[in-house]
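Before I ask anything, let me first share the structure, which is written out below as structure tokens.
The values are calculated or read from the model by the stated rules, or taken from the named source; none is laboratory data. Since this is a predicted model, take the numbers as computed values, not measurements. Every residue, glycine as well, gets a Cβ built from its backbone with ideal geometry; the counts of neighbours run over all protein chains shown.
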Amino acid sequence: MSLELLQQRLAALEPTQLEIRDDSALHADHAGSSGGGHYSVTIESSHFAGKSTIIRHRLIYQAVGDLIPSRIHALSISAFAPGERS
């Protein structure tokens with residue numbers, strides 16, 4: 001899967017900052033890793049303001065959920081509202 005596809009999907013959350021890292025090579029020998037890649041996402045969006053971590057993750061999974069598990073095997077998420085990161 002291309003990082004561009006993941007970036008396009010997350011654009012729906014209107015991120016002010018977005019970092020996507022493909023960690024697939026670190027998990028090449030992981031059992032079950034043949035069905036999609038491993039990605040780490042750090043995203044800042046006003047859509048997360050006043051929302052719990054669970055709700056933030058749900059919003060992200062709504063945007064990319066159809067890519068799991070065929071194109072995404074694992075997704076590590078760090079989600080912030082503007083001003084929360086130091």
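Out of all the residues in region 64-86, which are modelled with pLDDT of 95 or more and either of a type in the set (S, T, N, Q) or part of a helix (DSSP H, G or I) (or both)?
Hit for region 64-86 is Ser78, nothing else.
Further question on the same structure: Any chance you could count how many residues in region 1-39 are of a type in the set (Gly, Ala, Ser) and at pLDDT 95 or above? Spell out the reasoning first.
Pass one, region 1-39, residues of a type in the set (Gly, Ala, Ser): 2, 11-12, 24-25, 28, 31-37.
Then keep just the ones that are at pLDDT 95 or above; that gives 11-12.
Going through region 1-39 one residue at a time, the tally reaches 2.
Quick check on region 70-79: of everything there that is touching a residue at least 40 places away in the same chain (Cβ under 8 Å) and crowded, with 18+ Cβ neighbours inside 10 Å, which residue is farthest from Gln17 (Cα to Cα)? Give the derivation first.
Step one: filter region 70-79 for residues touching a residue at least 40 places away in the same chain (Cβ under 8 Å), giving 71-74, 76.
Among the residues that remain, those that are also crowded, with 18+ Cβ neighbours inside 10 Å are: 72-73.
Details: Ile72: 21, His73: 23 Å.
Ranking the candidates gives His73 first.
Residue-by-condition table, conditions (1) crowded, with 19+ Cβ neighbours inside 10 Å; (2) over 13 Å from Leu10 (Cβ atoms):
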position: His38; (1), (2): yes, yes
position: Val41; (1), (2): yes, no
position: Glu44; (1), (2): yes, no
position: Phe48; (1), (2): yes, no
position: Ser52; (1), (2): no, yes
position: Gln62; (1), (2): no, no
position: Gly65; (1), (2): no, no
position: Ile68; (1), (2): no, yes
